[in-house]
Amino acid sequence: MKHFPVFLSIKGQRIVVSGGGEAAVAKLRLLLKTEASLDVYAPDASQDIQTWATDNRLTWHPRALAQGDVDGAALFYAADEDQTEDARTSSLARDAGVLVNIVDNLHDSQFITPAIVDRDPVTVAIGTEGAAPVLARAIKADLEERLSPNLGMLARVGKTFRKAAEALPWGRARRDFWADYYFKSGPRVETKGEIAAEQALDELLFAHLAAEKQSGHVAFVGAGPGDPELLTLKARKALDTADVVIYDRLVAPEILELARREAQLIDAGKTPFGQQTPQNAINDLIVTHAQKGALVVRLKSGDPTVFGRLDEEIEACDAHAVTWHVVPGITAASAAVASIGQSLTKRGRNSGVRFLTGHDVAGFADHDWRDLVKPGEVAAIYMGKKAARFIQGRLIMHGADGTTAVTVIENASRPNQRVVASTLATLPADLADAALDGPALTFVGLTPRAASAALTKFQQQEQA
Ligand code: SAH
């Protein structure tokens, strides 16, 4: 972001414009919507400016801008449409320590004016840093169409009601109330004016207070393998409304960014073989927050039902009569297999696929290896990095061929995704060479589809 959007307080401040032509008029049309006092300097001014001056909506000084004119102003617009004059006036303003915008000169401007959708006090500012004015206009047109012209009135009336709404407890109850007002009862009465809107708010508050005694709820949400675009719409909605988000170590920061800004974020990270937040403590956290009435999002990487200790947390909820639901996510195996262009199952090759864990509570996990070594079988091994040698030993012991394809995909779906194409015989050595340090999924029985062409052992796959 080269430009940081802020809303500047200009009530009672001075904004100075140099110029009397079209460029100045265009800016003034916007500026006249503000509560700033406007000074225009121009030897000649267009009819619009003269009329505004006569109506006392701005002050027109019929001369060129001079030193001292800009002192103490909040903003300055150089709008003479003349490079030399703009350079002169903007340097006066800059010397006076005033922020400068030169019309049609992004490079020398200290600030730019966004495209504005005005439903005062609701204002949407759209900027593209000069990259795509057409896009900014299209977004503006779209919003203009979507936002009711009465939205500003609803917001003004709503503002006067904020104190009254504090009768509802902070958090979900109060949010639900405002959502009902802005999206349901408000729009129903918006054309009838302010009194009707006030009345609607009164009735709504009464209804919501009656429905109070909200109990909390837990959503077990799959955050997917890391790419935020692989979140489901339901996961996004849950994050949008969460009061508390309790997340795992593997949940990507970009995804946490999507949580409601006021939500409390709690790291319940568990590092394999390292410091762990004990499961009991996590269960307690979830239940305690829900019992306080919070909407808790328990955010787990991938799909919550795959190696996610979901059942223990559900049982904790049930034991305390806390309601819950599960929002599925894309599991690491799905993202990983997509990245190598293979299928998890394939007609004539394997009619089933196994999801295994490399380690469990007791350490390296044992499985029915005999089934896995049959030709064509495919296994997706989670948490398998450290167990590579163990898995290799077990499979070979049960008759697997050393040339069996093994592919390890680290950071599937993330920008730093890596693919290690290996074989059972060389797996531990290849993994040691690759020095993976992110989450990795191991496929036994699958090779990257591009392998026959030019695959190097440690193929760096930068995502598009
Ligand atoms: N519930 C998760 C799995 C949790 S177990 C899911 O459905 O994906 C954690 C293991 O998942 C990691 O050790 C790793 O094997 C795998 N994993 C998670 N995210 C991954 C990713 N982006 N790329 C590769 N493997 C991943």
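Things to note:
- Using θ = phi - 60° in the Karplus curve 6.51 cos²θ - 1.76 cosθ + 1.60, the 3J(HN,Hα) couplings for region 415-425 round to x, 9, 4, 9, 10, 10, 8, 9, 10, 4, 5 Hz; x is entered for Gly and Pro.
- For the chain, the mean projected area of the C-alpha convex hull, equal to one quarter of the hull surface, is 30.9 nm².
- Charge dipole (Cα centre; +1 on Lys/Arg Cβ, -1 on Asp/Glu Cβ; no other charges) of region 57-162 amounts to roughly 740 debye.
- Fraction in percent of alpha-carbon pairs per bin - 10 Å, region 99-152: 24, 44, 26, 6
- Per-residue Cβ neighbour rank within 10 angstrom, fewest leading, Trp52, Trp60: Trp60, Trp52
- Rule-of-thumb Rg ratio for region 360-427 [Cα; 2.2 N^0.38 Å; N residues]: 1.14
- Positive-pole candidate from Phe390, Ala173, Val419, dipole of the chain, charges at beta carbon: Phe390
- Which listed pairs, of Lys140/Lys237; Lys159/Lys192; Lys237/Lys300, have C-alpha distances above 20 Å, in listed order: Lys140/Lys237
- Percent of alpha-carbon pairs separated by more than 19 Å within region 151-210: 18
- Relative contact order %, the chain, counting alpha carbon pairs below 8 Å whose residues are six or more apart: 9
- Whole-number D in µm² s⁻¹ for region 24-135, Kirkwood Cα-pair radius fed into Stokes-Einstein, 10 °C, 1.306 mPa s: 106
- With viscosity 1.306 mPa s and temperature 10 °C, the Kirkwood radius over alpha carbon pairs of region 333-462 converts through Stokes-Einstein to a diffusion coefficient of 109 µm²/s.
- Bins of 10 Å from zero: percent of alpha-carbon pairs in region 217-330: 16, 53, 30, 2
- Ascending count of other beta-carbon atoms within 10 Å, so fewest first, for Met397, Met383, Met1: Met1, Met397, Met383
Readers should treat all values here as calculations from the given coordinates under stated rules, not as data from a laboratory. Keep in mind that this is a model prediction, so the values were computed, not measured. Cβ coordinates were reconstructed from backbone atoms using ideal geometry, including for glycine residues, and neighbour counts include every protein chain displayed.
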